[in-house]
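See below for the structure under consideration.
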Amino acid sequence: MSPTSETAKGGRRLVIVESPAKAKTIKGYLGPGYVVEASVGHIRDLPNGAAEVPEKYTGEVRRLGVDVEHDFQPIYVVNADKKAQVRKLKELLAESDELFLATDEDREGEAIAWHLQEVLKPKVPVHRMVFHEITKDAIRDAVANPRELNQRMVDAQETRRILDRLYGYEVSPVLWKKVMPRLSAGRVQSVATRLVVERERERIAFRSAEYWDLTGTFSTGRTGDASDPSTLVARLNTVDGRRVAQGRDFGPDGQLKSDVLHLDEANARSLAAALADSSFAVRSVESKPYRRSPYAPFRTTTLQQEASRKLGFGAKATMQVAQKLYENGFITYMRTDSTTLSDTAISAARAQVTQLYGANYLPDKPRTYAGKVKNAQEAHEAIRPSGDRFRTPAETGLTGDQFRLYELIWKRTVASQMKDAVGNSVTVKIAGRASDGRQAEFTASGKTITFHGFMKAYVEGADDPNAELDDRERRLPLVAEGDALSSEEISVDGHATKPPARYTEASLVKELEEREIGRPSTYASIIGTILDRGYVFKKGTALVPSFLSFAVVNLLEKHFGRLVDYDFTAKMEDDLDRIARGEAQSVPWLKRFYFGEGDAATAGAASAAGNGDGDHLGGLKELVTDLGAIDAREISSFPVGEGIVLRVGRYGPYVERGEKDSEGHQRADVQDDLAPDELTVEYAEELLAKPSGDFELGADPVSGNQIVAKDGRYGPYVTEILPEGTPKTGKNAVKPRTASLFKSMALDTVTLDDALKLMSLPRVVGVDAEGVEITAQNGRYGPYLKKGTDSRSLETEDQLFSITLDEALAIYAQPKQRGRAAAKPPLKELGVDPVSEKPVVVKDGRFGPYVTDGETNATLRTGDSVEEITPERGFELLAEKRAKGPAKKTAKKAPAKKAAAKKAPAKKTAAKKTTAAKTTAAKKAPAKKTAAKKATAAE
């Protein structure tokens, strides 16, 4: 029976989902007897601060929002911005006969449904409605087959929420006291930061090694074609049977790890010269069959990784676009650990394989992908196009980022039901004797694909931009053992080993998942958090740790070792999953974690949790109580070399040599966006050599006040020192004259005359024909003229002192360029954006450099530079900006009404009476109000 006919008797059902977009889509699939409304995410949570906690709670409960003394009872409050929505839901429920809780089917969605039930207190039957895709059939089937609320999933999510609150609220204050105010710690966030910091430590400790080898271009002497090339390129493999060293043979210290032949430049060049006139022959040809199976359909993490590689999306942008696709009925639920496809999806994919590629590409039996992530929390399918027939990308009507992501999901799903790619891999070894008697062997490898199979539809990207993709063929000439070859060229190649690559969003997601840390559905928000907190910044697509994150991780490793231990975090995840399965209980587990109860308590729980020994559930409370052993200066100090130390201070990082106030003490600020592995001794010396401190320029001949030049947070400037006793606050306060240095000036060369001229600004240029004064001023965005409210930019700072009245009047005689001056040429061209298909350039804007395709503008972030920004990074910034959508405009009050009200003061009393009459009438007729509500809800 359809949902419409079920409600034909006049019943009314309230369906609550999470988002308005989802509500709008679902409403179209249900009959008139249904009201679909959104909770707009969580309606209730732990309090954000003590001010939100009810007055009856005091002490630790008020601080934490959790009553740790009474079975960790959470104090839930309705979010301030959700009170109006909760009121609306209660009103709708009062007029309904049944309630359907249709939030997402994962732990968080189950918890939202539970909170709704707890807050709304329904007196009508309640059903849990679940679906994995928003299609007409799926929604109607979900209404017809509801289930009960899964209390185990709720308990697991609540335990996770309480655990994260205790971790964050107990450890974060330690960072405030010992590192810097307003920092945060988190169960997964801190571990993710540690991974990025450890990779940077490896880069700092890395020592590059230089090695050389030879590359030979050999000819068969035949006329070649596409299937049988006439030449092949081979790399030197052995000399006199001893393998030549390659990058993999060196350790991070730059030393060889194995007994191989290390060629330096001189030896490589002498060998090349000795082989110049040698004859060569094929020593062996080895051919093996090549087979590659399709990739599994997407789950949350693989979708994030591939969207990063192929589309340039960050994890957050990927999830935002996927959310829109899901809510609008294009894909199945996008937070899933599963790679399984339903029978319906397999049939749809196989049908499209036959239709688009032919029966030859369809395997005899459907492919199944049953492998799941350990302790997968969701019982969903893989991420796939929705419905029992997949819409091709062209059929969807989608555009921009949604089209690109849907196309990626569609291709991957269809490809997962296609045949293997098959072919051959060939290795050819070529031998030759040098004139000095040495035997050299070169090796070339090739790959030919005889049947592309699934690669016709889809090929996965790679984290390494230099990696060869699966569908790349390398054809070698058809040669046999003993065939003679002639060398066309023997080139000498120098190489240097490279430090381990920094994490990208894609590779960090992969690392977290492989270590079983956190949940895949939360990785996007975790990466977003560490970027927002300033622990990590982006340089291109690479994630670079800040010096601040070094101090934070240093403190956590030394004094809270267990809390950032990778195995410990993974074990916690296991424990939480055991609670979800009903194999463990929440309260005893939280007691062990927080108080260190059980065996750990007798063994010194806090020390065990701190140093990494003993039970993995030590006592957090004891650990954060005794902070006397934490030396704030020590954990924020890092030796650079030559007596120079990098310190992380409350106002940012700086380098220092010697003790403060001692003779020879030096100190210099370090820019926040400097990558830690770039802070060498040489660069630190360069920073310390720069002039610092105050430069006394002399006394102002008029006021007698001393004038000094300083280096401030926003650049160098000059100011006057006011006499002692000068009031600094109140209505009689006197502010010192201050002025920024011109770009052409430097702290150590600026003179008293320069300073006095700068502080004399703004300068009166003259008055126009109407007597309006024109001044020359230096502002945040450069030098400009001002006449009343009309400002005009000047070309150079020197014009502030040199421009004449006639020149100023000539500038004002020109029509004003609205908004901006004449367009400046782009700073850099990045290529064509894959979404808008328009050229992307970097421009210099009012608020700094930004990337644009002519439609979307995105400001460069901290860590991005015009010189180093890559096309992929530019496309990513634009994709993130598009995902956010247009900025919301604040509605302005209509001035006309205000003016009208002022003109008619006599009617004010009458208006009041009318309002009062309306109010009284409304109070007298509550029945009409209810009727009106019902009519509105039924529409």
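Observations on the model:
- Residues in the stretch 283-322 that are of a type in the set (A, V, I, L, M, F, W, C) and crowded, with 21+ Cβ neighbours inside 10 Å: PHE298, LEU303, ALA307, LEU311, PHE313, ALA315, ALA317, MET319, VAL321, ALA322.
- Residue identified as among the charged types (D, E, K, R) and over 37 Å from the mean Cα position of the chain (by Cα) among GLU110, GLU52, GLU37, GLU69: GLU69
- Pairs where the first residue, in the stretch 100-112, is in contact (Cβ under 8 Å) with a residue 40 or more places away in the chain and closer than 22 Å to ASP141 by Cβ and the second is among the small types (Gly, Ala, Ser) and surrounded by fewer than 24 Cβ atoms within 10 Å (Cβ to Cβ), C-beta under 6 Å, 6+ apart: THR103/GLY109
- Considered as a group, the residues in the stretch 743-801 that are of a type in the set (Lys, Arg) and part of a loop (DSSP other than H, G, I, E, B) include one that is farthest from GLY698 (Cα to Cα), and that residue is ARG780.
- Condition met for SER491 (among the small types (Gly, Ala, Ser), in the same structural domain as ALA274 (by TED's automatic domain parsing) and within 24 Å of SER208 (Cα to Cα)): yes
- Note on the stretch 762-790: among residues that are within 16 Å of GLU807 (Cβ to Cβ) and small (Gly, Ala, Ser), the one that is modelled with the lowest pLDDT is ALA769.
- Search result, residues across the stretch 677-695 that are more than 19 Å from GLY641 (Cβ to Cβ) and loosely packed, with under 12 Cβ neighbours inside 10 Å: GLY693
- Residue match in the stretch 186-195 (condition: surrounded by fewer than 14 Cβ atoms within 10 Å (Cβ to Cβ) and in the same structural domain as PHE560 (by TED's automatic domain parsing)): no
- Within the stretch 494-516, residues that are farther than 15 Å from LEU303 by Cα have Cβ atoms under 6 Å from residues that are of a type in the set (S, T, N, Q) in these pairs: ALA496/SER208; THR497/SER208, counting only partners at least 6 apart in sequence or on another chain.
- Qualifying position, being in contact with a helix residue (DSSP H, G or I) (Cβ under 8 Å, 6 or more places away or on another chain) and among the hydroxyl-bearing types (Ser, Thr, Tyr), among SER703, SER744, SER740, SER760: SER740
- Qualifying residue in the stretch 804-826 (condition: within 30 Å of ASP694 (Cα to Cα), surrounded by 12 or more Cβ atoms within 10 Å (Cβ to Cβ), under 46 Å from the mean Cα position of the chain (by Cα) and not charged (D, E, K, R)): no
- All strands (runs of 3 or more DSSP E) inside the stretch 464-560 with 2 or more residues being touching a Lys or Arg at 6+ places or on another chain (Cβ under 7 Å), at pLDDT 90 or above and under 30 Å from GLY453 (Cβ atoms): none
- For the stretch 80-99, a tally of residues being in contact (Cβ under 8 Å) with a residue 40 or more places away in the chain and either of a type outside the set (A, V, I, L, M, F, W, C) or touching an Asp or Glu at 6+ places or on another chain (Cβ under 9 Å) (or both) returns 10.
- Matching residues in the stretch 687-728 - criterion: being at pLDDT 80 or above and among the polar types (S, T, N, Q): SER703, ASN705, GLN706, THR719, THR726
- Hey, SER607 within 29 Å of ARG201 (Cβ to Cβ) and at pLDDT 90 or above or not: no
- Tally, over the stretch 174-213, of residues that are small (Gly, Ala, Ser) and within 19 Å of PRO520 (Cα to Cα): 3
The values are calculated or read from the model by the stated rules, or taken from the named source; none is laboratory data. Being a predicted model, the structure only gives us computed values, none of them experimental. Using ideal geometry, Cβ is built from the backbone for each residue, glycine included, and neighbour counts are taken over all protein chains shown.
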